[in-house]
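None of the figures in this text is laboratory data; all of them are computed from the coordinates on show. Everything numeric here is computed off the predicted structure, so don't read it as measured data. Cβ placement follows ideal geometry from the backbone for every residue including glycine, while neighbour counts extend to all protein chains displayed.
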Amino acid sequence: MIECVVSDSSFFSCFSKDLNNKDILYHIINLYQFIIGTELHREISTHLSDEDKFFTNVSHFDYEYDYHSLILPFLTRNQKHLKDGEYEAIGISYFIKTEGDILGLKLKYLIIDESKGRNFVSKYFPLLVDNLVGTIGFIRDCCLKDKKISCKSALSILYCIKKKVEIYLEKGGKRPCSMDSKSYAEILLPIIKIIEGDPENG
Amino acid sequence: MDNTLNPEIKQKAIENLILLILGSVDKEMSQLHLQKEVFLLWNFHPLIKKYIGFIKHFRGPFSREIQESIFSPLYLENDWEYNNPSKNDEYSGGHIRLTKKGKEDYSKLINSIRENSKETKDPDLLQLLSGIKLVRMLYDKLSSEELLLLIYYTYPEYIQKSEVFNQINSDRIRIFTKLLKEGVIDKDRFDDLLSTEVFL
């Protein structure tokens, strides 16, 4: 069974745009089987110029399934215009969770950072809640649970994010990696502390 | 809808789709729910658009192919039974449930789809199965009025020939408040629905 990771675009843009470090992204997408849909494929193509390198490591469902339309009656007008791959990621995750075993796929993580999307999963897709993480939680699990990256590597990524968020909190602008002061204090800092205190972090 | 398709293949596909939807959850389903859930799946999966069309009708989006296949199936005869709506039931259009034979045919069909998909590694029909599970999970719990009203507000173009929109819409505050209280919709969607103006 192949363990899969599905994510919305914020995860990818955190590394490629906000941290401006595609090497980390390419390293991480080599560690798991990432799956994206058509909507996200289009979106990512616009900001990953060396996309060949990216797409050789990511599986793409090359079908025009409109997952968005299955949940449209529950979405607000603003959400309806947000074809940002978030709902596609939820749809793909639900597919893998319910029928993926036939194709040898098992859902490991669904990465969503925005609270709106996370609340949507909690409300309508209880089946996916155990797989739901944010980018920071994913880095934590990647290191402490799955042992795919060392504590040193995880901390180096998290310190980069921390630095970007601190600049944002001081100067404003676009939120890096979908973080704000609340997620900085309640998610990022505690996770850094946990990894710093891990016995494997020599 | 692809009119060049062999009518036999098309009819079998429509009846199999109905069988898959009815068999996905072991309980009866209203004709209105079946029509609207197929409509949502029709928007989701490109395959369904080849076999079925939807028109604006008295109770929102309506597929003649689905209705005809419910009442006069050619290939899956006796797989489902239809019960008329009760006296006070204005919207459901009656209820359909699988028979014992239908449940057996459902098991055979689902096993054959899964075996075939495993062999070919083609996710297309598995995506459809997953979509069916999803719409039944999300929409079965809504009453006929709730489902119709949400569909009308999401696809206002289907109000055009409605015979029931004005009647249901006059009760929209109560219906949307109930959906909010039961946690079916969130506050943002509730505010959004109340601030949306749709007309016949």
- Task: Using a cut-off of 11 Å between beta-carbons, work out the net charge of the residues near residue B:155 (Lys and Arg +1, Asp and Glu -1, residue B:155 not included).
- Result: +1
- Message: I'd like the distance separating the alpha-carbon centroids of the range A:160-201 and the range B:96-110, in whole Å.
- Response: 54 Å
- Alpha carbon centroid spacing (whole Å) that separates the range A:83-117 from the range B:42-88: 30 Å
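Once the piece of chain linking residue B:1 and residue B:191 is laid out straight, how much longer is it, given 0.36 nm per residue of separation minus the C-alpha distance between them?
Gain on stretching residue B:1 to residue B:191: 64.8 nm.
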- Once amide hydrogens are built 1.01 Å from N within the peptide plane, the residues lying 5 or more places from residue A:105 or on another chain with amide H under 5 Å from its amide H are A:2
- Message: Taking a ≥ b ≥ c as the square roots of the Cα gyration tensor eigenvalues, with a/c under 1.5 meaning rounded and otherwise prolate when a/b beats b/c, else oblate, which class fits chain B?
- Response: prolate
- Taking chain A as the reference, fit the longest principal axis to its C-alpha atoms, fit the long axis of helix A:86-99 to the helix C-alpha atoms, and give the angle between the two in degrees, 0 to 90, nearest 10. 70 degrees
- Item | Helix-only [θ]222 nm of chain A, DSSP H runs n ≥ 4, -39500 (n - 2.57) each, per residue, nearest 500 | -13000 deg cm²/dmol
- Would you mind calculating the relative contact order of chain A from Cα pairs under 8 angstrom and at least 6 residues apart, reporting the percent as a whole number? 24 percent
- Residues with amide H under 5 Å of residue B:57's amide H, sequence separation 5 or more or different chain, H placed in the peptide plane at 1.01 Å from N; which? B:62, B:161
- Using only helices, what value at 222 nm comes out for chain B when you add -39,500 (n - 2.57) per DSSP H run of length 4 or more and divide by the total residues, to the nearest 500 deg cm²/dmol? -18000 deg cm²/dmol
- Message: Cut-off is 10 Å between beta-carbons; in what order do B:124, A:62, B:79 appear when sorted fewest neighbours first?
- Response: A:62, B:124, B:79
- Message: Run the numbers for residue B:178 and residue B:119: contour at 0.36 nm per residue of separation, minus the present Cα-Cα distance, in nm.
- Response: 16.6 nm
- Amide H contacts of residue A:34 (H built 1.01 Å from N, under 5 Å, at least 5 apart or other chain): A:5, A:59
- Task: Count, for each residue of A:90-99, the Cβ atoms from other chains sitting within 10 Å of its Cβ, then give me the mean as a whole number.
- Result: 5
- Report, in debye and to the nearest 20, how large the dipole of the range B:1-58 comes out about its Cα centre when Lys and Arg carry +1 and Asp and Glu carry -1 on their Cβ. 220 debye
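Which of the trypsin sites (Lys or Arg not before Pro) found in the range A:76-153 are in a DSSP loop and have at most 11 neighbouring Cβ atoms, other than their own, within 10 Å?
The qualifying sites are A:147.
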